[in-house]
Amino acid sequence: MLRFRYIVIAFLVVAALSQIARLQAQDNPDEPDESENKVYLPSIMEGGARADHTHDDNELEAQLVVRVRYSSHEEMEYFLAKLDVLEESCGPNCIGALVSPTQYQQLLAEGRQVVVDEAQTAELAASIAEVQQAFAAGQQAINAIPGYSCYRTVEETYSSLSALAAANTQLATWTDIGDSWEKVTPGGAAGYDIYALKLTNSAIAGPKPKFMLIAAIHAREYTTAELATRFAEDLVAKYNVDPDVTWLLDYFEIHIIPQVNPDGRKKAEAGASWRKNTDNDDGCNNSSTWGTDLNRNSTFRWNNGGSSANACDATYRGPSAGSEPEVQVVQNYANSILLDQRGPNDNDAAPADAQDVFITLHSYGQLVLYPWSYTSTPSPNLTQLATLGRKFGYFNGHQVCNGPVCLYVASGTTDDYTYGQFGTASYTFELGTAFFQSCSSFTSTILPTNMPALYYAAKAARRPYQNPAGPDALNVSVSPATVNQGDPVTLNATLNDTRYNSNGWGTEPVQNIQAGQYTIDAPSWAGGVPVALSASDGAFNATIENVTATIDTSGLSVGRHTVFVEGQDANGNWGVLTAAFLWVTSNEPTPTPTDTPIPTNTPTPTNTPTPTNTPTPTHTPVAGNTGFLSPSANAAQTSSSGDNNGFEVNPANAHADGGGVAQDVNSGANNNSSCTNTGKDKHRFYNYNISLPGGVTVKGIEVRLDALVDAVGSNAPRMCVELSWDGGATWTAVKQTPTLTTSEATYILGGAADTWGRSWTASNLSNTNFRVRVSNVASGGNANQRDFSLDWIAVRVHYQ
C-alpha cells in the first residue's frame with residue numbers, strides 16, 4: 001500500500017509538471033489541445049453534484065503551489081480575484097496560490113513573476129494521494145478521514161458533540177441553527193444541518209460574557225474543526241476538576257460552530273482541495289471550481305477588494321452580500337449572542353470595557369490576524385486588538401498582525417463582520433503549515449500550542465480590551481490544598497507582565513507589577529471581596545513577581561472553595577484571573593446519637609443497633625490535587641550523561657513559568673534518540689514541597705514541561721522524563737514529549753490516573769526522596785548540536 005501511494009504521488013507531480021512543459025511548447029498557450037493527457041484527481045462526492053453539471057464530477061485538475069510577485073496594488077488585486085490564494089505570507093509583494101498547470105502557463109504568458117514551489121507541490125500531492133488511495137481501497141469510515149485518523153468527518157464531529165451534550169445536559173447544549181446550501185436547494189443532495197454547541201453551567205444565571213469560535217468555513221482546512229471539537233471536549237472533561245475551566249463555564253458562555261461549511265467539507269474529505277461551498281447556480285459550469293468563498297460573502301464591507309466577481313474563481317464573493325445560507329447562519333447566530341457595542345462608522349471604537357471574543361479557525365500560515373481585513377486603514381481598536389493578539393502569539397508562536405499589512409486585503413470576511421457589526425474583539429487563526437496537515441504535526445504542535453491560546457481567549461472574554469494589557473496570574477497554589485477549618489493556608493502565585501509575542505510585528509510594552517489580590521468563592525467583579533497579596537521578596541518592583549498571602553479559613557464553610565488570583569501592573573491594568581481549589585474539612589468531632597435524651601414515654605427497641613461505632617466522616621479523604629508546583633533546587637547528572645553538564649545555562653530558570661529559560665547547549669555526545677542513552681545530557685529538579693492531606697492515596701502524577709528547541713529538521717528532538725522516589729537511586733520508566741518545536745509549547749506527561757507504574761507514599765514525595773530527571777534526545781546528522789530550552793518543569797499530584 002505504501003508503494004502504491006508513492007507511485008500515485010510521483011505520477012501526480014510528474015504529470016502536472018509535464019503538462020506545463022507541453023503547454024509551453026504549444027503555439028497558443030491559452031488554447032491547449034483538448035486531446036492531450038490531463039491529470040485529474042477523483043472527487044467522489046455522493047450527491048455532491050447536481051444535474052446541471054457540464055463537466056465530469058469526478059475530475060479535479062492537479063494543482064501547483066506557486067509564489068507570485070506583484071509590483072502594484074492593482075496587480076495584487078488581480079491575483080486576489082483570479083487565484084486560489086493561500087493564507088500564508090511569502091514576503092513583501094508576494095502571494096502564495098494554488099494554480100492549475102493551465103493557469104501557471106497563463107501567468108507566464110502574461111509576463112508575471114511566478115515560481116513553482118516544488119516541495120509544497122509534492123507535499124500537497126502526497127496528502128491528496130493518501131486520501132484518494134484510502135477511498136480507492138474502500139477504507140472510508142464515518143469516524144475519520146481516510147489516511148488522517150486524527151480528524152473526524154462531518155458526521156463524526158456531529159455524533160461526538162451531540163453525545164457530549166446529551167451526557168452533560170447542565171453544561172452543554174447542541175442546537176440546529178440552520179442549513180447548508182445543498183439542504184436549502186431542491187433537486188440535489190440532502191445537504192446538512194449546521195449546529196452550534198453552547199457550553200456554560202446553566203444552573204448559574206446570566207447574562208454572561210461570550211466566546212464564539214467557528215471552524216471549517218474553508219472546506220479543505222482539516223485541522224480547524226478538530227481543534228474546535230477537542231477544545232469543547234477538553235472543557236467538559238475538566239469541569240469540576242480544573243479550577244479555571246470550572247469558573248469559566250460557571251461565569252462565561254462558550255459557543256462553537258465546528259463545521260460551518262459541511263457540504264464543501266465532504267468534498268475535501270474525499271481528497272479534493274476544495275475551498276468554497278458547493279453553490280453551483282451562479283454561472284460557473286465547471287464542477288471542479290464552482291461555489292462561493294464563504295469568507296468573502298459576509299455583509300460587512302462586502303465587495304471592497306480582495307475578492308472576485310467570477311463564480312469559478314477561488315475567491316468568488318457570491319452574487320450579493322450574505323447570499324449564502326451558511327453565512328446567514330453564522331451571522332444570525334452572532335446577532336443572537338454578541339453585544340452590539342460599536343457605532344455605525346468605521347472609525348467608531350468599541351468602548352474599553354466592551355466584552356466578548358470571536359475567533360474563526362483557518363489554515364494554513366501560522367498567523368493571528370485582526371481587523372480590519374478589507375483595508376489597511378487602522379481599526380479604531382487597533383492597539384487593544386494587537387495586545388490580545390500578542391497574548392495568543394505567546395502561546396502558539398504565530399505572527400500577529402492585520403491582514404492587509406502582513407498578508408493581503410480581503411473583504412466580506414467573518415472577523416470583519418463581528419468586529420465591524422458589534423465591536424467584538426475578533427481574530428482569524430491560520431493554523432499550521434498545510435491544508436491536509438499530518439496527524440503527527442496536529443497532535444504534537446497545533447493542538448498543544450493553540451489550545452492554551454483558545455483558553456486565554458475564553459478567559460479574556462469579559463474585558464478583551466483591558467485584561468490582556470495586565471499581568472497573567474500563574475502557578476496559583478494553596479498549601480495545604482485540604483485543611484481543617486480554622487487552620488491557616490499559604491497562597492502562592494506568580495504575576496507576570498511579559499507574556500507577549502508578535503513574532504516580528506511589533507513589541508508590546510510591559511510594566512512592573514504594582515499589586516495583586518485574591519478573592520474566595522467569587523471573582524472580584526462578581527462580588528468576591530478582594531484581599532491584598534504581598535510580594536514574596538518584599539517589594540513590587542519587577543515585571544515578574546512572586547506573591548503570597550496567608551488565608552484564614554475559620555470563616556469558611558466545610559467543602560470546596562475557589563481562590564481567584566489577579567494582578568495589576570504599574571499602568572493600572574488588571575490581568576485575567578487564575579484560580580485554585582481549596583478544600584475545608586471539619587475539625588469538630590461528630591456527636592454520636594448515644595447522648596441524645598430519649599423521651600421516657602417512647603419505648604426503645606431492644607434490637608436497634610447503636611450507631612456509636614459508626615465512623616465519622618471528618619477524616620474521609622477528599623479528591624483533589626496539589627496544583628502545579630515548582631522546584632527550588634536542581635543539579636546536572638555528572639556521570640554517564642553526555643556532556644555531564646545538563647542545563648548548563650541558567651538551570652534555575654526552569655523553577656518557574658516565565659522569566660527566561662534554562663538551556664542545554666548541545667544535547668550530548670552522540671546522535672542517539674534513546675531516552676536512556678548514556679550519551680545524552682541529564683538534569684535533575686527537586687524540592688517541590690509536595691504536601692498531601694493525611695490518609696489520602698496518590699492517584700496520579702503529572703509533569704509539565706514548557707519547552708522548545710533551536711531547530712527541528714529531521715532530528716525529532718524530544719525531552720524525556722523519569723521520576724525517582726528514593727533520592728535518585730531508582731527511576732520509573734521513562735515518558736517522552738512529542739517532537740519539540742522552535743516556539744515554546746506546553747507538554748504534560750502522566751495524568752490524573754497515571755502513577756508512572758508504581759504506588760506512591762507521602763514519604764516518596766518528600767524533598768529528600770522525590771526527583772524529576774530530564775534528558776534531551778535527538779537523532780540524525782548534527783543532532784548532538786541541538787540546543788534545548790526549558791521554561792518550567794512543574795509537578796502536580798492527584799489524590800483521593
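The values are calculated or read from the model by the stated rules, or taken from the named source; none is laboratory data. Since we're looking at a predicted model, the values are computed, not measured. Here the Cβ positions follow ideal geometry from the backbone for every residue, glycine too, while neighbour counts run over all protein chains shown. Heads up: the accessible areas ignore ligands, DNA and RNA and are worked out on the full protein's heavy atoms, side chains in. Shrake-Rupley method; radii C 1.70, N 1.55, O 1.52, S 1.80 Å.
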**Criterion: hydrophobic (A, V, I, L, M, F, W, C) and assigned to a helix (DSSP H, G or I) - qualifying residue of ALA314, ALA228** = ALA228
**Request:** Could you check, for segment 229-252, whether at least one of its residues is modelled with pLDDT of 95 or more, closer than 27 Å to TRP290 by Cα, open to solvent by less than 10 Å² (accessible area, probe 1.4 Å) and touching a strand residue (DSSP E or B) at 6+ places or on another chain (Cβ under 7 Å)?
**Result:** no
**Message:** If I filter segment 349-382 down to residues being without any contact (Cβ under 8 Å) to a residue 40 or more places away in the chain and assigned to a loop (DSSP other than H, G, I, E, B), which single residue comes out as least open to solvent (accessible area, probe 1.4 Å)?
**Reply:** PRO380
**Flag if GLY191 is more than 25 Å from the chain's Cα centre (by Cα), on the phi > 0 side of the Ramachandran plot and not in a helix (DSSP H, G or I)** = yes
**Asked** Is there a residue being over 25 Å from TRP274 (Cα atoms), at pLDDT 95 or above, of a type outside the set (S, T, N, Q) and in contact with a Pro (Cβ under 8 Å, 6 or more places away or on another chain) anywhere in segment 405-418?
**Response** no
**Test for ILE217: is it surrounded by 20 or more Cβ atoms within 10 Å (Cβ to Cβ), touching a Leu at 6+ places or on another chain (Cβ under 7 Å) and in a strand (DSSP E or B)** = no
**Request:** Run LEU199 past the list (1) touching a residue at least 60 places away in the same chain (Cβ under 8 Å); (2) buried (at least 18 other Cβ atoms within 10 Å of the Cβ) and report the number of the one that doesn't hold.
**Result:** (1)
**Prompt:** Name the residues in segment 428-442 that are of a type outside the set (A, V, I, L, M, F, W, C) and in contact with a helix residue (DSSP H, G or I) (Cβ under 6 Å, 6 or more places away or on another chain), would you?
**Reply:** THR428, GLY432, GLN437
**Asked** Among the residues of segment 383-401, is there at least one that is farther than 20 Å from ASN503 by Cβ and touching a residue at least 24 places away in the same chain (Cβ under 8 Å)?
**Response** no
**Asked** Of the residues GLY343, GLY305, which single one is farther than 18 Å from GLN421 by Cβ, part of a loop (DSSP other than H, G, I, E, B), at pLDDT below 95 and out of contact with any Pro (no Cβ under 7 Å at 6 or more places or on another chain)?
**Response** GLY305
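Filter segment 520-529 for residues that are out of contact with any Gly (no Cβ under 8 Å at 6 or more places or on another chain) and either among the charged types (D, E, K, R) or surrounded by 15 or more Cβ atoms within 10 Å (Cβ to Cβ) (or both) and give the result.
PRO523, SER524, GLY528
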**Prompt:** Inside segment 270-302, can you point out the residues that are touching a helix residue (DSSP H, G or I) at 6+ places or on another chain (Cβ under 7 Å), open to solvent by 10 Å² or more (accessible area, probe 1.4 Å), in a loop (DSSP other than H, G, I, E, B) and of a type in the set (S, T, N, Q)?
**Reply:** SER273, THR299
**Request:** Residue by residue through segment 710-742, note down the ones that are open to solvent by less than 50 Å² (accessible area, probe 1.4 Å) and under 22 Å from ASN767 (Cα atoms).
**Result:** CYS720, VAL721, GLU722, LEU723, SER724, GLY727, GLY728, TRP731, THR732
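Each row is one residue, and each column tells you yes or no for (1) open to solvent by 20 Å² or more (accessible area, probe 1.4 Å); (2) not hydrophobic (A, V, I, L, M, F, W, C).
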| site | (1), (2) |
| --- | --- |
| ALA473 | no, no |
| ALA481 | no, no |
| ASP487 | yes, yes |
| ASN492 | yes, yes |
| ASP497 | no, yes |
| TYR518 | no, yes |
| ALA539 | yes, no |
| VAL547 | no, no |
| GLY555 | yes, yes |
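Quick check on segment 387-415: of everything there that is among the aromatic types (Phe, Trp, Tyr) and part of a helix (DSSP H, G or I), which residue is most open to solvent (accessible area, probe 1.4 Å)?
Top of the filtered list is TYR394.
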**Asked** Looking at segment 708-765, which of its residues are assigned to a loop (DSSP other than H, G, I, E, B), more than 20 Å from SER441 (Cβ to Cβ) and hydroxyl-bearing (Ser, Thr, Tyr)?
**Response** THR730, THR732, THR755, SER759, THR761, SER763
**Prompt:** Which condition does TRP505 not pass, out of (1) more than 19 Å from TRP574 (Cβ to Cβ); (2) of a type outside the set (Asp, Glu); (3) open to solvent by less than 70 Å² (accessible area, probe 1.4 Å), if it passes all the others?
**Reply:** (3)
